[in-house]
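Read the structure below first, then the notes.
The values are calculated or read from the model by the stated rules, or taken from the named source; none is laboratory data. Note that the structure is a prediction, hence the values are computed from the model and not measured. Because the Cβ atoms are built from the backbone with ideal geometry, glycine has one as well, and the counts that use them run over all protein chains shown. For the accessible areas, the whole protein counts, side chains as well, though only heavy atoms, and no ligand, DNA or RNA atoms are used. Shrake-Rupley method; radii C 1.70, N 1.55, O 1.52, S 1.80 Å.
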Amino acid sequence: MQTVRSVCGFCPVGCSLDVQTREGEVKRANGSAREYGVNRSNTCVQGRWGYDFVQSPVRLETPLIRTGETFREATWEEALTLVAERLPAYRDGSFAAVSAPTLTNEDAFVLAQFTRDVMGSPHVDVVGRHHHAGGDRAMLTAFGETGVTNSKAELVEATMFLLVGTTMPETHPVLSDDLPLATRTRDATMVILSPA
């Protein structure tokens with residue numbers, strides 16, 4: 001098999017992967033052993049096993065344009081031209097962009113910039129934003145920012161972890177491997193406050 005170093009695209013963490021292919025088909029994906037990166041060669045379930053969509057027979061590979069009640073295949077040029085022709089009609093403030101929380105910071109920035117500067121709309125949101133609202137308010141009050149103040153490397157070196165209202169294996173699968181490791185391999189303590 002041929003091994004290609006890549007970056008997992010399922011969420012914005014940016015885990016390093018070794019993707020193994022044979023005859024042009026993805027056969028395996030593992031955390032990169034050659035480059036530890038943010039995931040230290042670990043992966044979440046999606047990064048490790050979620051590659052099968054790449055060669056799925058039902059995967060869309062060409063744009064579809066609605067014609068009445070059906071869809072027809074189109075070229076990329078035709079589809080993008082149609083979108084470019086229709087978007088200006090929504091520059092009156094009726095345009096809104098809603099993204100998935102899995103967008104990278106760079107993609108989210110570009111989407112917000114497009115929505116505000118090109119479409120002239122202040123309506124930008126993220127699906128699931130309210131799930132993090134309490135944490136965002138706490139960080140804003142404590143630190144003046146809603147972003148983290150330390151790197152992951154500094155975080156895992158802490159000696160006390162207080163987890164409030166989180167299900168880390170579902171929401172932060174890569175980090176959820178590191179914190180228990182810190183409690184098992186050195187004198188770190190983890191306290192979880194959660195209704196679940």
Notebook entry, point to check: Of everything in region 46-74 that's small (Gly, Ala, Ser) and surrounded by 12 or more Cβ atoms within 10 Å (Cβ to Cβ), which residue is nearest to residue 116 (Cα to Cα)?
Noted result: 74
Margin query: Tally up the residues in region 75-106 that are open to solvent by 50 Å² or more (accessible area, probe 1.4 Å), more than 18 Å from residue 146 (Cβ to Cβ) and part of a helix (DSSP H, G or I), please.
Written below: 12
Next item on the list: Taking only region 1-30 into account, find how many residues are in contact with a Cys (Cβ under 9 Å, 6 or more places away or on another chain), modelled with pLDDT under 85 and at negative phi.
Entry: 3
Next item on the list: Within region 127-161, count every residue that is open to solvent by less than 70 Å² (accessible area, probe 1.4 Å), part of a loop (DSSP other than H, G, I, E, B) and modelled with pLDDT of 75 or more.
Entry: 3
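Residues are listed down the side, and each one gets a yes or a no for (1) in a loop (DSSP other than H, G, I, E, B); (2) touching a helix residue (DSSP H, G or I) at 6+ places or on another chain (Cβ under 9 Å):
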{"position": "3", "(1), (2)": "no, no"}
{"position": "6", "(1), (2)": "no, no"}
{"position": "17", "(1), (2)": "no, yes"}
{"position": "28", "(1), (2)": "no, yes"}
{"position": "38", "(1), (2)": "yes, yes"}
{"position": "51", "(1), (2)": "no, no"}
{"position": "54", "(1), (2)": "no, no"}
Check: Could we say that residue 119 is over 18 Å from the mean Cα position of the chain (by Cα), open to solvent by less than 70 Å² (accessible area, probe 1.4 Å) and within 30 Å of residue 86 (Cα to Cα) here?
Finding: yes
Notebook entry, point to check: Does region 34-44 include one or more residues that are loosely packed, with under 11 Cβ neighbours inside 10 Å, free of Cβ contacts under 8 Å to residues at least 60 places away in the same chain and under 30 Å from residue 178 (Cα atoms)?
Noted result: yes
Checklist line | Members of region 56-74 that are under 28 Å from residue 25 (Cα atoms), in a loop (DSSP other than H, G, I, E, B) and more than 25 Å from the chain's Cα centre (by Cα) | finding: 74
Check: Which of the residues belonging to region 163-189 are open to solvent by 50 Å² or more (accessible area, probe 1.4 Å) and either in a loop (DSSP other than H, G, I, E, B) or modelled with pLDDT of 75 or more (or both)?
Finding: 164, 165, 167, 172, 177, 181, 184, 185, 186, 187, 189
